[in-house]
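Have a look at the structure below before the remarks.
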Amino acid sequence: MDKRLIQEARAMLEGTGYPRTSFVNFKIPDAKTHLMDGIKYFCEDDAVWVEDYNLVAEWLSDNKGKGLMMVGNCGTGKTLIGSKIIPLLLYHYCSKLMTFQYAAQEINAKADEIMQHKIVYLDDIGREKMLNSYGNKRWVFPEIVDDADRKGKLLIISTNLDSKHLAEKYDDRTMDRLRSLTRIVPFTGKSLRK
């Protein structure tokens, strides 16, 4: 298909709220092996493959233009995978891509900086507080999600909150966009920390 036609179609959809995926597509060959190699590298003798990681490996094999949202209990490997392993794999296999990382507690202070990047990892979402600046209240995370939706950005997110608690914290619009923008992967096991 002609690139010009695709660009025109995207321009016509801009601002309509029509769900679309990120413009960041990648396919990492043999992703399961590379993900396990990353776990072994960082965890050494304590490395464990958990069944939930298969869905992350599937996403790494072909993200289909979607980000990743890892949801589950503490200590199940979400932060290790999101902050250490995925950035290395993206750099190695997609060298033009950069991943910027922020903890939930940082997003209020760095909102404008976060929204400048094409690929962002946000760790432990749900722990951030509402920004209260000179009496003005602002939920920054929904703004980041809106920005990613409008501009075709790739979000990689981890959270310890389940879908019920996420829905209580954020509005329906944000949750709907997260479902559209990311592949949601549940991490169901117990903590692997020793």
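Summary of values
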{"read-out": "Per-selection Kirkwood Rh - segment 49-119 (Cα, Å, 1 d.p.)", "value": "13.6"}
{"read-out": "Heavy atoms of residue 165 accessible to a 1.4 Å probe, total area in Å² rounded to 10", "value": "80"}
{"read-out": "Cα-Cα over 29 Å, subset of 27/78; 110/164; 32/169", "value": "32/169"}
{"read-out": "For segment 29-108, size of Cβ-based charge dipole, Lys and Arg +1, Asp and Glu -1, in debye", "value": "360"}
{"read-out": "Listed residue (80, 47, 36) projecting farthest to the positive dipole end of segment 36-84, Cβ model", "value": "80"}
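The values are calculated or read from the model by the stated rules, or taken from the named source; none is laboratory data. Keep in mind that this is a model prediction, so the values were computed, not measured. Cβ: placed from backbone, ideal geometry, glycine included. Neighbour counts: every protein chain shown. Areas reflect the complete protein model, heavy atoms only, side chains present, ligands, DNA and RNA absent. Shrake-Rupley method; radii C 1.70, N 1.55, O 1.52, S 1.80 Å.
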